[in-house]
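Working notes for the structure below.
The values are calculated or read from the model by the stated rules, or taken from the named source; none is laboratory data. Quick caveat: nothing in here was measured; it's all calculated off a predicted structure. Cβ: placed from backbone, ideal geometry, glycine included. Neighbour counts: every protein chain shown.
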């Protein structure tokens with residue numbers, strides 16, 4: 001059994017999800033260099049044996065936490081994207097789904113410290129590469145939707161830039177959720193951003 | 001003399017080096033576990049010099065957070081003052097923001113604001129500094145939209161458009177961290193301005209030069 005199996009496919013038990021979040025807090029307070037699997041076990045209310053069974057090292061733990069975080073989001077967003085063949089309804093649905101997922105994590109109190117985890121992994125070469133690969137993988141899928149639907153745009157060459165713009169909007173929304181922006185305002189942000197796509201669609205759309 | 005007062009007296013490069021290194025030390029050694037000596041060693045300065053200016057980690061972290069916010073907001077404040085109309089002001093603001101992010105990276109500094117914010121969740125001194133700074137930063141954008149309200153088809157859109165620009169700025173920061181090029185970010189900024197353009201009474205001349 002691979003050490004990453006517990007989170008394969010983005011599925012994770014609520015216990016392990018809480019454990020992962022507690023562990024990121026340990027990294028923040030104790031430091032990545034100093035934290036041991038024992039510290040992580042104490043913080044998460046699990047046993048050292050349990051963690052060692054799943055993660056051989058704290059680097060593997062970080063990689064797993066990152067994969068969990070991104071897989072959970074991207075898998076859900078991919079399935080929403082696949083439901084819509086036209087670009088506008090697809091982007092609209094993904095924006096709304098993204099808001100809901102981000103708010104769920106905010107309300108549950110998890111993922112608040114994932115920015116710190118991401119800054120930690122940036123200081124480790126292998127983990128940094130893993131983080132970029134995960135983000136690029138998620139981004140590529142979204143970009144490919146714009147490329148597939150470029151025929152719907154006035155200017156086909158705008159497809160990539162529009163995809164990057166929406167990636168920016170997703171990141172911005174994620175931060176605004178953490179800043180406590182209201183549900184209503186988050187939806188207004190999504191609606192405003194959709195005007196950009198609307199202005200780039202051919203009239204027939 | 002407070003930690004905040006001491007900043008202007010010291011060479012900016014030295015202060016910025018300390019603020020950049022302290023985050024790296026926090027991440028590797030832990031915010032709770034690290035000592036001021038660890039930070040001084042990483043930043044290449046004397047521990048006594050550091051402690052004289054920032055007696056505690058909380059004060060150092062709050063000062064570092066303040067430094068980052070002031071760095072961004074002073075540039076943006078001047079752009080907002082130079083450009084009278086809202087479109088030009090926001091275009092200049094977004095471009096200035098992108099440039100500051102890239103300047104940070106090109107001088108070997110990290111983009112660590114999120115970690116500071118996460119630390120604010122476990123340190124009340126840092127939390128207070130963060131809340132004041134974030135409110136001040138958002139107020140700058142909001143104030144400009146309020147001043148230019150009459151340029152909008154619907155003047156009541158001023159507040160929500162200010163929130164939109166702040167959302168875009170937060171997103172730009174993350175994409176720069178992800179390694180997108182400056183040109184891509186300029187292009188994204190121009191696309192984002194499309195929203196403001198459609199809300200203006202009289203539209204905008206073709207001024208997109210990138």
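Scoring residue A:165 on the criteria (1) under 13 Å from the mean Cα position of the chain (by Cα); (2) within 25 Å of residue B:181 (Cβ to Cβ) leaves a single failure, condition (1). Remark: residue A:170 matches the filter, which requires a residue to be at the interface with chain B (Cβ under 9 Å from one of its Cβ atoms) and either surrounded by fewer than 20 Cβ atoms within 10 Å (Cβ to Cβ) or in a helix (DSSP H, G or I) (or both).
Kindly indicate which of A:145, A:203 is away from chain B (no Cβ under 11 Å), closer than 25 Å to residue B:195 by Cβ and either crowded, with 21+ Cβ neighbours inside 10 Å or in contact (Cβ under 8 Å) with a residue 24 or more places away in the chain (or both).
A:145
Counting only residues that are in a helix (DSSP H, G or I) and in contact with a strand residue (DSSP E or B) (Cβ under 7 Å, 6 or more places away or on another chain), the stretch A:147-167 holds 2 of them. Restricting to the stretch B:71-98, name every residue that is touching a residue at least 24 places away in the same chain (Cβ under 8 Å) and under 24 Å from residue A:119 (Cα atoms). Matches in the stretch B:71-98: B:71, B:72, B:73, B:94, B:97, B:98.
So how many residues does the stretch A:180-205 have that are in a helix (DSSP H, G or I) and farther than 17 Å from residue B:159 by Cα? Count: 7. Summed over the stretch A:123-133, residues that are within 11 Å of chain B (Cβ to nearest Cβ) and within 21 Å of residue A:74 (Cβ to Cβ) total 3. Among the residues of the stretch B:170-183, those identified as facing chain A (nearest Cβ under 9 Å) and buried (at least 19 other Cβ atoms within 10 Å of the Cβ) are B:170, B:171, B:172, B:173, B:174, B:175, B:177, B:180. The number of residues in the stretch B:11-43 being at pLDDT below 90, loosely packed, with under 14 Cβ neighbours inside 10 Å and part of a loop (DSSP other than H, G, I, E, B) comes to 1. Within the bounds of the stretch A:111-122, is there any residue that is surrounded by 15 or more Cβ atoms within 10 Å (Cβ to Cβ), facing chain B (nearest Cβ under 9 Å), assigned to a loop (DSSP other than H, G, I, E, B) and in contact with a helix residue (DSSP H, G or I) (Cβ under 6 Å, 6 or more places away or on another chain)? Within the stretch A:111-122, one or more residues are surrounded by 15 or more Cβ atoms within 10 Å (Cβ to Cβ), facing chain B (nearest Cβ under 9 Å), assigned to a loop (DSSP other than H, G, I, E, B) and in contact with a helix residue (DSSP H, G or I) (Cβ under 6 Å, 6 or more places away or on another chain).
When restricted to residues that are facing another protein chain (nearest Cβ under 8 Å) and without any contact (Cβ under 8 Å) to a residue 24 or more places away in the chain, the stretch A:174-196 contains 9. Any chance the stretch A:95-106 includes a residue that's closer than 21 Å to residue A:178 by Cα, surrounded by fewer than 18 Cβ atoms within 10 Å (Cβ to Cβ), within 14 Å of another protein chain (Cβ to nearest Cβ) and touching a helix residue (DSSP H, G or I) at 6+ places or on another chain (Cβ under 7 Å)? Yes: one or more hits.
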